[in-house]
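What follows is a set of notes on a single structure, which appears directly below.
The values are calculated or read from the model by the stated rules, or taken from the named source; none is laboratory data. Owing to the predicted nature of the structure, the values given are computational and were not obtained by experimental measurement. We place every Cβ from the backbone using ideal geometry, glycine too, and count neighbours over all the protein chains shown. The protein model used for the area step is the full one, side chains on, heavy atoms only, and it has no ligands, DNA or RNA in it. Shrake-Rupley method; radii C 1.70, N 1.55, O 1.52, S 1.80 Å.
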Amino acid sequence: MKEIFFATSNYDKFEEAKKILEKYGINLLKSDIEVIEKKLPTEKETAIDKALTAMQRLQKSLIAEDTGIYFEAFQNFPGVNASFIFKTIGYEGVLRLLEGKNRKAFFRTTIAYYEPNGKIVNFQGTCNGEIATKPSKEISFDYDTIFIPEGHKKTFSELTKEEKAKISHRAQALEKFAKWLTNKK
Ligand code: ITT
């Protein structure tokens, strides 16, 4: 089984990614290297920067990822600052912000892959949906408690992990990466 490190501080991301990549015979290992995130304008630039920084210290095949969430009611918000906004106002604050506003939203993920002496490559995934008017009873990974993916009536928190893994931004980016890696060999 091919071993690849995931340079992330986020355990929810790691668990989701590990399950998805297992199907492709990839054993994902969590790297404990702390990568300080730079303020860059897009997920793509941020994910690439995280991978480059992690490689300098780890020197092993690795992925890094960055995810943004975008509310149609605002311009580029929270965008790449998804983590900061959630930590500061939580889903209660997000629900207050969106009261009476357009509730459409989407997640966007970039996965950057880098192997020693290789070229850095990246893959994108998006998931459209809307922000619920109240939090779901099931509370899980950050925005999942209030994000209803398109074509569904429940939030990501209320869907099973398998259901989320079929449609999520992260799953789409990881599937593209895994297929690319499989064909490369
Ligand atoms: P690393 O940079 O260490 O990987 P992070 O949590 O800081 O971890 P990001 O900068 O990419 O990651 O922040 C994205 C934030 O978006 C994350 O902290 C969550 O609040 C949110 N997020 C990302 N993916 C999500 C998902 O699938 N469901 C719910 N919220 C998600």
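Take a quick pass over segment 133-185 and tell me how many lysine pairs come in under 14 angstrom between Cα atoms, counting only ones 8 or more apart or on separate chains. Provide the component values of the computation, followed by the final result.
Numbers: K134/K153; K134/K154; K137/K153; K137/K154; K153/K164; K154/K164; K166/K176; K176/K184.
Going through segment 133-185 pair by pair, I get 8.
In this structure segment 66-133 gives 51 Å² per residue of accessible area when probed at 1.4 Å with all protein chains present.
Of Y70, Y24, Y113, the residue with the greatest mean-square motion in the GNM of the chain, using alpha carbon springs below 10 Å, is Y24. Given a 1.4 Å probe and every protein chain left where it sits, what share in percent of the accessible area of segment 1-47 is carbon and sulfur? Reported share for carbon and sulfur atoms: 51 percent. Entry note, segment 2-44: relative contact order of 48 percent, from Cα contacts under 8 Å with a spacing of 6+ residues. Placing +1 on each Lys and Arg Cβ and -1 on each Asp and Glu Cβ, with no other charges, gives segment 28-165 a dipole about its Cα centre of roughly 100 debye. Segment 1-54 and segment 124-175 have Cα centres spaced 20 Å apart.
Which whole number of Å³ per residue matches the convex hull of the alpha-carbon atoms in segment 1-77? Could the numbers behind the result be given before it?
On the way: hull volume 7.6 nm³, N = 77.
It comes to 99 Å³ per residue, whole-number rounded.
Pick from K134, K87, K104: which is most flexible by mean-square fluctuation in a GNM of the chain where alpha carbon atoms under 10 Å apart are linked? Looking only at K134, K87, K104, the biggest GNM fluctuation is shown by K87.
Mean residue ellipticity at 222 nm from the helices of the chain, using -39,500 (n - 2.57) per DSSP H segment of n ≥ 4 over the full residue count, to the nearest 500 deg cm²/dmol?
On the way: 5 runs with 67 residues, N = 185.
Rounded to the nearest 500, it is -11500 deg cm²/dmol.
Surface composition of segment 95-171: carbon and sulfur make up 48 percent of the accessible area, probe 1.4 Å. Of all the options G25, G129, G151, the one that moves most in a Gaussian network model of the chain with Cα springs shorter than 10 angstrom is G151. The GluC sites (Glu not before Pro) of segment 141-181 meeting both criteria, a DSSP state outside H, G, I, E and B (loop) and at most 15 other C-beta atoms within 10 angstrom of the site's C-beta, are E150. Each Lys or Arg adds one and each Asp or Glu subtracts one; over the other residues with Cβ under 12 Å from the Cβ of K44, this totals -3. Residue-wise HN-Hα couplings along segment 100-114, as the Karplus relation 6.51 cos²θ - 1.76 cosθ + 1.60 with θ = phi - 60° gives them from phi, are x, 10, 4, 9, 5, 7, 8, 9, 9, 10, 10, 9, 10, 10, 9 Hz; Gly and Pro carry x.
Here is the size of the chain from its Cα atoms: Rg then Dmax, 16.3, 52 Å.
Applying both filters, DSSP loop and at most 13 other Cβ atoms within 10 Å, to the GluC sites (Glu not before Pro) of segment 1-82 gives E34.
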